[in-house]
Amino acid sequence: MNFKMLLKRIFKERFLFIKIQSFITILILIPIIVVGSAFNNQFEAVLSNNFSEANRNVLQQTSVAFDLFIDGIIDVTKQAYFDEGINHFLISGDAANSVETKKIMEKLDKIKSLSQYIHSVYLYIPKDRKVISTDYGICSLEEFGDTQFLNWYESDSRNLVLEETREIPHYKGSTQKDDVFSVYTKLPFTNTTDFRGALIVNIGQSLVYKEVMDKLKVKEDVSLFVLNKKDEIIISNDNKNIYKNIYSMNYFQEKMIGENGDFVTSMNDRPYLVAYTHMDKRDWTYVYMYPMEEIYSTIHMINSLILYLSILLFLLGSIISFLFTFRTFKPVEELISFIKQKTQMKEGGARQLGGVKAAVLELFQDNEDMKQKLEMTLPVYKEKFLQGLIHGSGFQEKEVEAKLNSFAIDIPLENLILAVFQVDDYEEALDRWGGNGYLMNFSMHNVLQHISLQKNSKFFSVDLDSESMAAVFGIQQLKMGELLKILKEMQETLHHILGISVTIGVCDHETGIGKLGESYYNAKEVLKYKILYGKKEILLFSDIRQEQEHTFIYPYDKVELLKNYIKVCDEESALKELKEVLEKISPKDMASYQSVYQMIIQLNNSMMNLLNEVNIQLEVIYYGNMIENMMKMKSMVEIEVFFTRVIRKIISILLTNRESKMDRYFQNIMDYIQNHYMMELSLEALSEAIHISPSYINQILKKNLDKTFIQLLNDVRINKAYEYLLRGDMKIKEVAEKVGFSSSAYFIKIFKEIKGITPGQLKQ
C-alpha cells in the first residue's frame, strides 16, 4: 500500500482514527488529572484511605494471630486436663507423700515443656490447701505468693477461664514481677460441678507479643497495644505501659469512637498514624501506631514518579496511537466482517470500537466460561451420579448407559458385585494422615484403581461417608474366588502401603447397575457383624444371611458368680468368669449383633448394681458418656478390654477399703485388751464385745503381729507385771492376780517363757 492510498484510507476512516487518538489521549490524561489532584490537593484523604485501611488489616491479622496463638496454647495444654494421674491424685492423693508429689511435679514439668512460652504451671489442691508449682515446688496456700486464682475457684462458675495480663513473682520470694496470661481450669475437666482442684497455666506476655510481631514481620519502630474493656493496656512491647489506662498517656488524648477508626497524633515530636479495631471474641481493642515520616516520603516520591511517568506515557501513547491507526485498517475490517457473521451486530456498529470489543470479548468469554464450568463440575457430577447408583436413586437404564459413556466409566450393566470398604479405627488412621481425610481417601481410591487395572477388572469406586467407600466390580471375566483374591490383595496393600486397616463387606450376589442400592444395603448389614468376626476381615453376605433365629438368654447365674468373685477380690477367677460369659455369644452360635449389644447393656447394668451394693460411686469407675462409649465398640476384644478394666478398678477400690477397715479393727482389739487384761478375758468375750468373729480376730492379729489372741494377752499381762515387780512393794501372788492370772504357778511359767527369768529372780 503506497502513501497516497494510505492517506485515502485514513481519510475514509477518519472517524475511526480520530476516535482511537482521542480515546488514547483521554485514557492517559484522566489518570494524570485524577492522580495529580488527589496527591496535591487532598493529601490527608489519600493518606487516610491508603494507609488507615492497611493498618486496620494489620490489626485484623494481629488479632487473629493472638487468638490462634493463645487458643493453640490452650488446646495444647488441654490434653493435661484429662490426665488420669492428676485427677486421681486430687481425689485420693496426699500432698505430703513425696513419691506421689514427685510424679505430679514431673507431669507439671511436662505440661510446661509443651510450649516455650509457658512461664509456669500450678496445681491447686483444695483439700490440703496446698499448691504444687513448677517454679516454687510445693507449699501451703498461705506461703504461696500468687493466689489470684483463688477468688475465681471459689466464686466463679466457669471451669475454663483465660485471665488477662497480670503480675506474678519472678521466683519464690522475688520482688521482681513477670507479666503473664493465665489459663485457669477446674479439675476434673468434665461437665460435673464436683471439682477437686485446679490447673493454672501461665503464659509469658512479652514472649507472646514478640512471637506474634515476628510472625507478622512488623517493624521495630511500630507500636502495638492491646486493651481490655476498661481501656487498660494488657499487651505491649514496653512493660512500663502494662496496666495503664491508654488515655492517661499525653500523646493519646483523642477518644476511640466506634468499633474501628484512625487518627493522627504526635509522640516525641514525631507524627504517628493511629489505627484501632475492636474484636468481640475476647472483648479486646487493638491499637496500632505507625510512624508517618516514611509515609510522607513515599507519597512525595510516588507523586513525582507518577507525574514523570504520566508525561512519558502521554508522549509514547500519542506516537503508538498514530502508528497503530496506520496498520489496523485492514485487520479491523476483516474482524468486523467476522463479527457480523457470528453476532447480530447492526450495520455501522462495527465502526464503534466499544461494539467491536464487546462482541469479541463476549465470544471468547462465553467459550472460556463454558469450558471452565464443564471442567469444574464434571468430577462433582460424576461423584453424585455414582453415589446415586450406589444408593439406588432409580436412574433409567438408557440414562445410566449415557452417563457412564460421558464420564468414561468402563463397567458392564449386568454381572456386578458390590463391596464396601470400611476403615477400622478411623480416628487413629486419620491421625496418622495428619487429619487430612481427603488425602487419605484419595490415596485409597488410587490403590484400589491400580490393583483393578493390574487384574484387568472392570471397576469403579466412590466415597459413601468419611469412614467407608463402595467398590463395584464387573465379573464377566472373573470367578468369585478370583474376586476374593483381588479384595484380599487390596486389603493387604492398603494396610502395608498406606497403613490403613479395612474390613470389607461383600454382597456376593450378582446384580444389575440399576439394583446396586439393594446390594449396598446388604453389604452394610454384613459389616455390622464385625463385632463378632473382628476387624481386617472379608465378610460375605451369603455366609451370614442364613442367620439362625437365636434368642439370647442372659447368663444370670454366671454373672452372679462373677459378682461374688469381685466382692471377695478374686481377680483371677473374676476375669476367667468374664471370659465364659462373653463366650456365650460367638460366631459359631450365629448370634446377631443385636444380641451382642443386648448383652453389653445387661452386663454393664449388673456391674452398676454391684457398685451400689459395695457403696462405690459410679463416676469413680466410669468416665465420659458410658452408653455412647459402649455402642462404639466394634469387636469382642474391645468389649472384654472394657469390662476387664471395670472389674480391676472395682477390686482395687475394694482392697483399699478392706485394708482400711482391718486397721480400725486391729486398733479396737488392742484398746479392748489394754483396758480389760486384768479381767478374766477370752477370745469369745472379745469377739462379742467388738462384734468381730473369733477367727477374724486371729486373722487380724496374725497379719499385724504374727501372734494369736492368747499370745497377745499374755504379752500385755506380763509387761504390766514386769512394771509392778520393779517397784518392789507387791508380792508375786498379788501381781499375778492384779494382771489377770488366777494361778501363781501358771503366771511364773508364762513370765519365764516371755522374759527369760522368773518373777523371783527379777525381784532379787
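Work out how much length residue 645 to residue 57 would gain on full extension: take 0.36 nm times their residue separation and subtract the Cα-Cα distance, in nm to one decimal.
On the way: separation 588, 0.36 × 588 = 211.68 nm, distance 5.39 nm.
Using 0.36 nm per residue and subtracting the Cα-Cα distance, I get 206.3 nm.
Please give me, ordered by residue number, the trypsin sites (Lys or Arg not before Pro) of the stretch 420-517 that lie in loop per DSSP and have at most 14 other Cβ atoms within 10 Å. Walk me through the intermediate numbers first.
Values: sites: 432, 455, 458, 479, 485, 488, 515; in loops: 455, 479.
Counting only loop positions with at most 14 other Cβ atoms within 10 Å, the trypsin sites (Lys or Arg not before Pro) in the stretch 420-517 are 479.
Using the beta-carbon distance between residue 671 and residue 754 and R0 = 25 Å, what value does 1/(1 + (r/R0)^6) give for FRET efficiency, to the nearest 0.05?
Values: r = 22 Å, r/R0 = 0.87.
FRET efficiency, residue 671 to residue 754: 0.70.
Provide the solvent-accessible area of residue 688, counting protein heavy atoms only and rolling a 1.4 Å probe, rounded to the nearest 10 Å².
Approximately 140 Å² for this residue.
According to a simple spin-label model (label point 7 Å from Cα along Cα-to-Cβ), what is the distance in nm between residue 695 and residue 454?
Placing both labels 7 Å beyond Cα along the Cβ direction yields 6.9 nm.
For the ranges 157-163, 506-512, what's the packing order if you count other beta-carbon atoms within 10 Å of each residue, average per peptide, and put the highest first? Show your work: numbers first, answer last.
Working: 157-163: 13.4, 506-512: 19.3.
Descending mean neighbour count gives 506-512, 157-163.
Given a Förster radius of 30 Å and the C-beta distance between residue 762 and residue 664 as r, what FRET efficiency does 1/(1 + (r/R0)^6) yield to the nearest 0.05?
Details: r = 37 Å, r/R0 = 1.22.
My answer for the efficiency is 0.25.
At 7 Å along the Cα-to-beta-carbon direction for both residue 217 and residue 543, put a label point, then send me their distance in nm to one decimal.
Calculated label separation equals 5.9 nm.
Find, among the chymotrypsin sites (Phe, Trp or Tyr not before Pro) in the stretch 109-207, those assigned to loop by DSSP (not H, G, I, E, B) with at most 13 other beta-carbon atoms within 10 angstrom.
Numbers: sites: 117, 122, 124, 136, 144, 149, 152, 153, 171, 181, 184, 189, 195; in loops: 117, 136, 144, 171, 189, 195.
Within the stretch 109-207, the qualifying chymotrypsin sites (Phe, Trp or Tyr not before Pro) (loop, at most 13 other Cβ atoms within 10 Å) are 171.
Which residues does the label zone of residue 479 cover in the stretch 441-460, counting backbone N under 19 Å from a point 7 Å along Cα→Cβ?
Only 455-458 pass the distance filter.
May I ask you to compute the full-extension gain from residue 309 to residue 413, defined as 0.36 nm times their residue separation minus their alpha-carbon distance, rounded to one decimal in nm? Intermediate values should be presented prior to the final figure.
Numbers: separation 104, 0.36 × 104 = 37.44 nm, distance 6.88 nm.
Residue separation times 0.36 nm, minus the Cα-Cα distance, leaves 30.6 nm.
If the viscosity is 0.890 mPa s and the temperature 25 °C, what Stokes-Einstein diffusion coefficient in µm²/s follows for the stretch 678-764 when Rh is the Kirkwood radius over Cα pairs? Each step should come with its number before you reach the end.
Numbers: Rh = 13.8 Å.
The calculation lands on 177 µm²/s.
Among the listed pairs 384/515; 102/649; 488/536, which have their C-alpha atoms separated by more than 21 angstrom in this model?
102/649
Report the local net charge at residue 391: Lys and Arg +1, Asp and Glu -1, summed over other residues whose C-beta lies under 14 Å from its C-beta. It would help to have the intermediate numbers written out before the result.
Values: positive: 384, 515, 524; negative: 383, 463, 465, 518.
Result for the neighbourhood of residue 391: -1.
Do any GluC sites (Glu not before Pro) in the stretch 373-451 lie in a loop, going by DSSP, with at most 16 other beta-carbon atoms within 10 Å of their beta carbon, and if so which?
Of the GluC sites (Glu not before Pro), the ones in loops of the stretch 373-451 whose Cβ has at most 16 other Cβ atoms within 10 Å are 414.
Relative to the present Cα-Cα distance, how much length would full extension add between residue 177 and residue 64 at 0.36 nm per residue of separation? If you can, show how the numbers build up before the last one.
Numbers: separation 113, 0.36 × 113 = 40.68 nm, distance 2.80 nm.
Residue separation times 0.36 nm, minus the Cα-Cα distance, leaves 37.9 nm.
For the residue pair residue 580 and residue 269, what label-to-label distance in nm results when each label sits 7 Å from Cα along the Cα-to-beta-carbon direction?
Label-label distance for residue 580 and residue 269, simple model: 9.7 nm.
The values are calculated or read from the model by the stated rules, or taken from the named source; none is laboratory data. In this text, all values refer to a predicted model and were calculated from it rather than measured experimentally. Please note: Cβ atoms are built from the backbone with ideal geometry, for glycine as well, and neighbour counts cover all protein chains shown. Just the protein is used for accessible areas: all its heavy atoms, side chains included, with ligands, DNA and RNA removed. Shrake-Rupley method; radii C 1.70, N 1.55, O 1.52, S 1.80 Å.
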